[in-house]
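Heads up: the structure comes next, in structure tokens.
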Amino acid sequence: MISLVAQLALWIWFFGCIKSYKTSKWILSKGVGIKSAEFVVLCLFTTGVVLYHAVYPVGKWFLLFVLSCWIIVQFFCHWYFTIFGVSEKKLKGYNECFSDTVRFIPASDTKLIPDLYHTILHILILINIVLIFLQR
């Protein structure tokens, strides 16, 4: 039951990459639509969740593979540059792309700081990976 709640939370949160989550005062995420790599990942994750609950243990390994690939890509798109440094061009592009999204740590001129949406996304992916490992 806990894994289903975590999977649903991740699905709803990640849907913000497809359809923007915003109000008149703030932008949590800028959706890029269904013609995107993000939509492909959402479809793979959805397939993994369905398989996880319908065809266990095959679905478990498929979902674990999808989540593992996803967190690796996210690491190299965000946290790698936070930890190991970023080029001026990459930092400028990242900060411009996410300039108006909600942040709990302000953007930096020297370090790449993921916005709130991506930070929570990464935490939800990791929670789902841990719950798969704890599942018997």
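Quick one, which of (i) 1.40; (ii) 1.13; (iii) 1.00 is the actual Rg/Rh (Cα atoms, Kirkwood Rh) calculated for this model? Given (i) 1.40; (ii) 1.13; (iii) 1.00, the structure-derived one carries the label (iii). Accessible surface calculations at 1.4 Å, restricted to protein heavy atoms, place the stretch 1-115 at 62 Å² per residue. Fully extending the segment from Y56 to K89, taken as 0.36 nm per residue of separation minus the present Cα-Cα distance, adds 7.4 nm.
On the accessible surface of the stretch 35-136, probed at 1.4 Å, how many percent belong to carbon and sulfur atoms? Display every interim value, and only then the final one.
On the way: 4370 of 6090 Å².
The nonpolar share, carbon plus sulfur, comes to 72 percent.
Between T46 and S99, the C-beta separation translates, for a Förster distance of 25 Å, into a calculated FRET efficiency of about 0.25.
Residues of the stretch 26-55 falling in the label zone of Q135, defined by backbone nitrogen less than 13 Å from a point 7 Å along Cα to beta-carbon, are 45-55.
When the pairs K30/K89; K22/K92; K60/K111; K30/K90 are compared against a 26 Å limit on Cα-Cα distance, K60/K111 fall above it.
The values are calculated or read from the model by the stated rules, or taken from the named source; none is laboratory data. Predicted, not measured: the structure shown is a model, and the values here were computed from it. Cβ coordinates were reconstructed from backbone atoms using ideal geometry, including for glycine residues, and neighbour counts include every protein chain displayed. Each accessible area value is taken on the protein alone, full model and side chains, heavy atoms only, with ligands, DNA and RNA left out. Shrake-Rupley method; radii C 1.70, N 1.55, O 1.52, S 1.80 Å.
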